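Take a look at the structure set out below.
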Amino acid sequence: MINATIYGRLGARPETRDAGSSTVTELRVASSHGYKERKTTTWLRVNVWGKRGEWIAQNVDKGERVICTGQIYSRTWENKDGEERSQLTMDANSVEKLDWNDAPKKQAAPARSALDDEIPF
């Protein structure tokens, strides 16, 4: 396995399922590189186990940016047509959400009134 850190956006809402005595939350993370016509996107499935995964499922959403750190491995299988398929998968040790929407909102400037025009200073 390879230890790595990836930065990307979630391509779908996280999905949590039972996995024996624990739960696993699966994230689909897209990471783009390159520029214009040379731009490519790599998709990675990220598994987050237990309570950490449950927290992630409740607090991140499609399109949000995340940083995931963990072990990457390649998974291969044969599809129903007999073709061999492979996919990169990460078992994450940590996931950090980068898009927090609880920042203080800017207050709108107070509206001008007719009295403002009468004040000489």
Task: the stretch 80-108 residues that are of a type in the set (Phe, Trp, Tyr) and at pLDDT 90 or above, paired with ones that are in a loop (DSSP other than H, G, I, E, B) and open to solvent by 50 Å² or more (accessible area, probe 1.4 Å) (beta carbon under 6 Å, 6 or more apart) - done: none
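Scan the stretch 66-96 for residues that are within 15 Å of the chain's Cα centre (by Cα) and open to solvent by less than 90 Å² (accessible area, probe 1.4 Å) and report the count.
Qualifying residue count for the region: 12.
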Task: Residue list for the stretch 14-60, filter: touching a strand residue (DSSP E or B) at 6+ places or on another chain (Cβ under 9 Å), assigned to a loop (DSSP other than H, G, I, E, B) and open to solvent by 60 Å² or more (accessible area, probe 1.4 Å) - done: Lys39
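Is it true that Ala4 is among the aliphatic types (A, V, I, L, M) and in a helix (DSSP H, G or I)? Walk me through it before giving the result.
Working: among the aliphatic types (A, V, I, L, M): yes; in a helix (DSSP H, G or I): no.
Here the answer is no, as Ala4 does not meet what is asked.
The values are calculated or read from the model by the stated rules, or taken from the named source; none is laboratory data. Source: prediction; values computed, not measured. Cβ coordinates were reconstructed from backbone atoms using ideal geometry, including for glycine residues, and neighbour counts include every protein chain displayed. Ligands, DNA and RNA are stripped out before the accessible areas are found, and what is left, the full protein with its side chains, is counted by its heavy atoms. Shrake-Rupley method; radii C 1.70, N 1.55, O 1.52, S 1.80 Å.
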